[in-house]
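Reading through the structure tokens given below for one structure.
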Amino acid sequence: MRRTILITGASSGIGKALARRYAGEGCRLALLGRNEQRLADAASECRVLGAEVAVAAIDVRDRAALATWIEDFDRLAPIDLVIANAGVMEGTRPGGDIEPADAAYHLVETNVLGVLNTVQPLLLRMMARGRGQIAIISSVAGFTPLPDAPSYSASKSAVINYGLSLRALLGPRGIRVSVICPGYIDTPMMRRASGAKPFKMTSEKATELICHGLDRDRALIVFPFLF
């Protein structure tokens, strides 16, 4: 049976790699992102691979617009898997003493509230159906705080606990929830970060590990293995 999958932050990095992976399985995809051109390019690649694709250029911080779009789409094609992937990276800039306040607030709104804005519109719908799967992209920084990225580390810790709480709550109702905690992945966002990036891996390799963990309903999908 064809699955319907919604992915935020689908225009680049892990989100785009996941979209391509599921497109090869012939899934119906709902791809969301902020950059219309990159989103259109990702959608085109996925259609070539065999997927039916809908797109929307929406900032995950826009709670009302995101909820309306997700609910409308879900009425037409009930979503089997939602991947809350959209996120940003900030930290102390070279020569700076602390990360800029405006950047820190923007990051928390995107990385934490953006996850809630993506997941909340589907909770009652999945509960009514008695099925569904939720995947939340966090980071190993949620376990091991980065001194030069306090707001990023805090945001990733918050969504780990949010996801694990949802898993405990929704598991008896037939809904699977996993939290994904990658290490350093070679994405445009991570390339902007300074400092060493031990055990860095490609988005494609990360995607393999994510899909493997989701297929097995793992609570936490943490990689690379040494992390």
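Things worth noting here:
- Cβ-Cβ distances below 7 Å connect the following pairs, each with a first residue in segment 164-184 that is without any contact (Cβ under 8 Å) to a residue 40 or more places away in the chain, a second residue that is crowded, with 17+ Cβ neighbours inside 10 Å, and a separation of six or more residues or different chains: Tyr184/Met190.
- Within segment 114-127, residues that are farther than 13 Å from Arg176 by Cα reach no partner that is at pLDDT below 95 and open to solvent by less than 60 Å² (accessible area, probe 1.4 Å) with beta carbons closer than 6 Å at six or more positions or on different chains.
- Residue in segment 203-223 that is in contact with a Cys (Cβ under 9 Å, 6 or more places away or on another chain), modelled with pLDDT under 95 and open to solvent by less than 40 Å² (accessible area, probe 1.4 Å) present: yes
- Residues that are of a type in the set (Lys, Arg) and outside any helix (DSSP H, G or I) within segment 65-116 comprise just one, Arg93.
- Within segment 39-60, the only residue that satisfies the criterion of being touching a Ser or Thr at 6+ places or on another chain (Cβ under 8 Å), assigned to a helix (DSSP H, G or I) and under 24 Å from Leu209 (Cβ atoms) is Ala42.
- When we screen Ala77, Ala67, Ala149, Ala141 for residues that are under 19 Å from Arg28 (Cβ atoms) and either within 16 Å of the chain's Cα centre (by Cα) or open to solvent by less than 40 Å² (accessible area, probe 1.4 Å) (or both), the only hit is Ala77.
- Subset of segment 15-40 (residues that are aliphatic (A, V, I, L, M) and either in contact with a Cys (Cβ under 9 Å, 6 or more places away or on another chain) or without any contact (Cβ under 8 Å) to a residue 24 or more places away in the chain (or both)): Leu18, Ala19, Ala23, Leu29, Leu31, Ala40
- Yes/no for Val112 being touching a Gly at 6+ places or on another chain (Cβ under 9 Å) and either among the basic types (Lys, Arg) or open to solvent by less than 70 Å² (accessible area, probe 1.4 Å) (or both): no
- Filter pass, Ile185 being of a type in the set (A, V, I, L, M, F, W, C) and at pLDDT below 90: yes
The values are calculated or read from the model by the stated rules, or taken from the named source; none is laboratory data. Quick caveat: nothing in here was measured; it's all calculated off a predicted structure. Note: ideal-geometry Cβ built from the backbone for every residue, glycine included; neighbour counts use all protein chains shown. Protein only, heavy atoms only, side chains kept; ligands, DNA and RNA dropped before computing areas. Shrake-Rupley method; radii C 1.70, N 1.55, O 1.52, S 1.80 Å.
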